[in-house]
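This report refers to the structure that appears directly beneath it.
The values are calculated or read from the model by the stated rules, or taken from the named source; none is laboratory data. What you are looking at is a predicted structure, and each value in this text was computed from that prediction instead of being measured. Reconstructed Cβ throughout: ideal geometry from the backbone, glycine too, with neighbour counts over all protein chains shown. SASA here: full protein model, heavy atoms, side chains in, ligands and nucleic acids out. Shrake-Rupley method; radii C 1.70, N 1.55, O 1.52, S 1.80 Å.
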Protein chains: 2
Amino acid sequence: MVVMKQARHPEPDEMTLIEVMAALSDPIRVGLARVLADGRERGWGELRAPVAKSTLSHHLRVLRDAGVTRTRQEGTRCFVKLRRSDLDARFPGLLNAVLTAAHSDDVGDRVGLTDKPSAG
Amino acid sequence: MVVMKQARHPEPDEMTLIEVMAALSDPIRVGLARVLADGRERGWGELRAPVAKSTLSHHLRVLRDAGVTRTRQEGTRCFVKLRRSDLDARFPGLLNAVLTAAHSDDVGDRVGLTDKPSAG
DNA sequence: TAGCTTGTTCGATGTTTCACGAACGTCGAA
DNA sequence: TTCGACGTTCGTGAAACATCGAACAAGCTA
């Protein structure tokens, strides 16, 4: 892969409420957040969503740029996890409120995990 | 005015997380929510925002359609207020988290009130 | 009736977003 | 070195969005 030329991981003080809200106003991205809500790091290939891989890459980038997730590379693989403590520190209660609402409404339920092992 | 032909006030069970998140991912609209955060009903004309009145009308409609605010007409005037209890019941903690974050980051600080009396 | 006020709606414009397939660059394996 | 797997990026198009000014409709007021 092209080693994420322009993707950034903002520091907590660089995160903006507007960007986080925008990142979490798409069902696919909320679904991704739900999948990662248990705090475990997941491999890119584990993620299952009803979109093409380029579109999934786009959504993961939006989440990453907003500071919602962190992406780590290992060789040619990527692993993604939720930046829960950073988000909680920066925007207290926000992530929990969104995840709770998403759970009770089944928002993003078309996003899930494959049966592949997480390789980690 | 044209008596709000298509604007709707969704019932709590018709509100969607995605729509509420989208409504609250614009600085003007977050600013409006902040202005209304004290629970008081405000007259349209009291609201001050750095946009044309047609744009302000648009933003108020997005908030209304999402269920964030309620608009009431009285003669030729409109009054707006936050639907806090409905939102709290539907998406617990969400509004407070957003308002807290917006306050600490001064999101939407270009939105405010005129010095006009609220007429109510 | 005529005129003013008040928001909404319309139409146009430019930007952003979402989506896809294809091409690409990097890594590890053969 | 050749090959395949893995994500990212590019190019493109459709749709959504933010914004404005102008036109409009409904209610006061003179």
Discussion item. Name the residue that is farthest from the chain's Cα centre (by Cα), counting only residues in region B:24-60 that are of a type in the set (S, T, Y) and either more than 11 Å from DNA strand D (Cβ to nearest atom) or open to solvent by 40 Å² or more (accessible area, probe 1.4 Å) (or both).
Written reply: B:S54
Discussion item. Please verify whether A:V98 is under 24 Å from B:V62 (Cα atoms) and within 11 Å of chain B (Cβ to nearest Cβ), treating the condition exactly as stated.
Written reply: yes
Worksheet entry | In region A:20-35, the residues that are in contact (Cβ under 8 Å) with a residue 24 or more places away in the chain, out of contact with any Gly (no Cβ under 7 Å at 6 or more places or on another chain) and facing chain B (nearest Cβ under 8 Å) | A:A22, A:L24, A:D26
Practice prompt. Output the residues belonging to region B:73-110 that are in contact with a strand residue (DSSP E or B) (Cβ under 7 Å, 6 or more places away or on another chain) and either free of Cβ contacts under 8 Å to residues at least 12 places away in the same chain or among the aliphatic types (A, V, I, L, M) (or both).
Written response: B:V80, B:L82
Worksheet item: Do the conditions hold for A:H9, that is, is it open to solvent by 40 Å² or more (accessible area, probe 1.4 Å) and part of a loop (DSSP other than H, G, I, E, B)?
Response: yes
Practice prompt. Evaluate region B:105-114: report whether one residue or more is more than 9 Å from DNA strand C (Cβ to nearest atom), surrounded by fewer than 13 Cβ atoms within 10 Å (Cβ to Cβ), at pLDDT below 95 and outside any strand (DSSP E or B).
Written response: yes
Worksheet entry | Members of region A:73-90 found to be in a strand (DSSP E or B) and open to solvent by less than 90 Å² (accessible area, probe 1.4 Å), listed by number | A:Q73, A:C78, A:F79, A:V80, A:K81, A:L82
Worksheet, complete the sentence: Residues in region B:63-72 that are without any contact (Cβ under 8 Å) to a residue 40 or more places away in the chain and crowded, with 20+ Cβ neighbours inside 10 Å total 1
